[in-house]
Amino acid sequence: MTIRALLKNRAARRLFLDRHLLLRPGSGPGKGADLSGVLDDLGFVQVDSVNTLARAHDLILWSRRGRYKPQALEGLVARHRAAFEHWTHDAAVIPMRFYPMWRLKFARDQAHMRRRWPKWRREGWDAEIDGVLRHIADHGPASASDLGGDEPKGSGGWWDWHPSKTALEYLWRSGRLAIRHRLGFRKVYDLAERVIPAEHLNARLDDAEIIDWAMTAALERLGFATSGELAGFFAIASRDEAKLWCAEALAAGRIVEIGVEMADGSIRRSFSTPALLEMVAALPEPTSRVRLLSPFDPALRDRARAERLFGFRYRIEIFVPAERRQYGYYVFPVMQGDRVIGRLDAKRENGALVVRAFWPEPGVRMGRARLAALMAELERIAPLAGVDEIHYAPGWLRG
């Protein structure tokens with residue numbers, strides 16, 4: 001194969017960040033059609049329960065739309081039915097128009113769950129599933145607590161939860177139930193046909209069409225990628241299917257093979273499209289705003305890709321014992337322009353945002369202007385965090 005072009009690291013970062021809505025200022029209202037557009041451009045927004053400052057999905061959207069408020073996303077899912085919750089690589093909010101493409105994932109997830117956990121085939125399991133489904137059909141939406149399934153039975157994974165809670169998750173992952181809304185962070189399930197608009201519920205595509213969509217849509221949102229990165233974006237196509245799609249798309253002239261310079265100067269073979277490459281020369285200078293990002297931000301959630309592209313190594317330390325943590329329980333990556341400049345340990349405590357530490361990345365100088373930009377970002381995020389004050393711990397600026 002012949003490399004069509006070489007994308008220098010700075011240009012690659014800018015293309016990638018532009019695809020993720022982080023290169024330019026975000027000026028929309030962060031609700032309604034504007035928020036639907038943001039969700040569509042990103043492809044999905046990961047949902048996470050940790051709320052030390054703001055939940056992951058809210059911080060992701062706020063980073064792109066400073067006027068965003070959490071109830072706007074709730075409205076898209078629960079009232080307007082413009083988005084639904086399911087899985088990509090993890091739990092996520094996904095544009096509703098993508099729902100037909102998730103049918104392949106429903107079928108594969110169901111087959112995978114039944115293969116992986118033989119205990120599900122024990123006597124009585126199918127009766128449990130049928131009973132939960134019948135309860136919701138007869139009595140309406142239900143959460144795990146409505147069915148007595150709030151408390152996990154063991155610690156071996158979600159399949160060790162109370163049987164009714166496990167059945168709810170199984171039925172959701174396999175597409176027979178959908179999340180109608182949330183109470184706090186608790187999922188309330190209903191029959192898929194009572195949640196998903198008929199035009200999306202009844203649409204059908206064959207497997208090849210779904211895989212073609214998943215790969216094409218992933219490449220549009222990444223700007224450039226290897227076949228493995230494309231497969232991992234929505235986690236719909238397998239790696240083998242992704243390799244085959246890339247070979248066929250390359251032969252048909254739909255994509256081109258390029259070299260992308262990584263942060264360390266190495267060249268990584270990737271795929272892109274002529275249209276995406278033509279955009280590079282017209283990309284603007286990045287905004288100078290300092291941005292506080294969620295650890296699950298789409299631009300950074302592929303940790304290996306982020307490390308190669310930005311030279312930024314990030315590992316979340318929630319499950320690391322406190323005495324072994326290098327930084328902290330839940331530390332936020334901090335970006336300025338087209339580079340990651342550091343990481344921040346901050347949390348909400350007693351109505352205030354407490355900034356414990358900021359570690360600049362190697363080579364990043366925290367001069368007066370950059371420090372002021374960081375503090376301005378913390379002032380901006382205070383309303384999202386629901387705090388009135390910001391407290392800086394002694395010695396919070398490290399390095």
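Counting only residues that are under 24 Å from Ser266 (Cα atoms), in a helix (DSSP H, G or I) and hydrophobic (A, V, I, L, M, F, W, C), region 1-52 holds 5 of them.
In region 51-101, the residue that is surrounded by the most Cβ atoms within 10 Å (Cβ to Cβ) out of those that are among the basic types (Lys, Arg) and touching a residue at least 12 places away in the same chain (Cβ under 8 Å) is Arg64. Every test in (1) of a type outside the set (D, E, K, R); (2) free of Cβ contacts under 8 Å to residues at least 60 places away in the same chain; (3) part of a helix (DSSP H, G or I) is passed by Val280 save one, and that test is (2).
Listed conditions (1) open to solvent by less than 70 Å² (accessible area, probe 1.4 Å); (2) within 18 Å of the chain's Cα centre (by Cα) are all met by Gly32, apart from (2).
Cβ-Cβ contacts under 9 Å between residues 6 or more apart (or on different chains), taken from a first residue in region 6-26 that is within 15 Å of Gly37 (Cα to Cα) and open to solvent by less than 30 Å² (accessible area, probe 1.4 Å) to a second residue that is aliphatic (A, V, I, L, M) and outside any helix (DSSP H, G or I), are listed as Asp18/Leu283; His20/Ala299; Leu22/Leu293; Leu22/Ala299; Leu22/Met335.
Note on region 286-311: residues that are part of a loop (DSSP other than H, G, I, E, B), over 17 Å from the mean Cα position of the chain (by Cα) and more than 23 Å from Ile258 (Cα to Cα) amount to 4.
Gly253 falls short on exactly one of the conditions (1) touching a helix residue (DSSP H, G or I) at 6+ places or on another chain (Cβ under 7 Å); (2) assigned to a loop (DSSP other than H, G, I, E, B), and that condition is (1).
Set side by side, the residues Ala322, Ala352, Ala299, Ala357 differ, and just one is under 28 Å from Thr88 (Cβ atoms) and not polar (S, T, N, Q), which is Ala299.
Being modelled with pLDDT of 95 or more, open to solvent by 30 Å² or more (accessible area, probe 1.4 Å) and closer than 26 Å to Trp396 by Cα is a property that Arg308 lacks.
The values are calculated or read from the model by the stated rules, or taken from the named source; none is laboratory data. Just so it is clear, the model here is predicted, and its values are computed rather than measured. FYI the Cβ positions are ideal-geometry reconstructions off the backbone, even for glycines, and counts take in every protein chain you see. Only protein heavy atoms, including side chains, enter the accessible area calculation; ligands, DNA and RNA are left aside. Shrake-Rupley method; radii C 1.70, N 1.55, O 1.52, S 1.80 Å.
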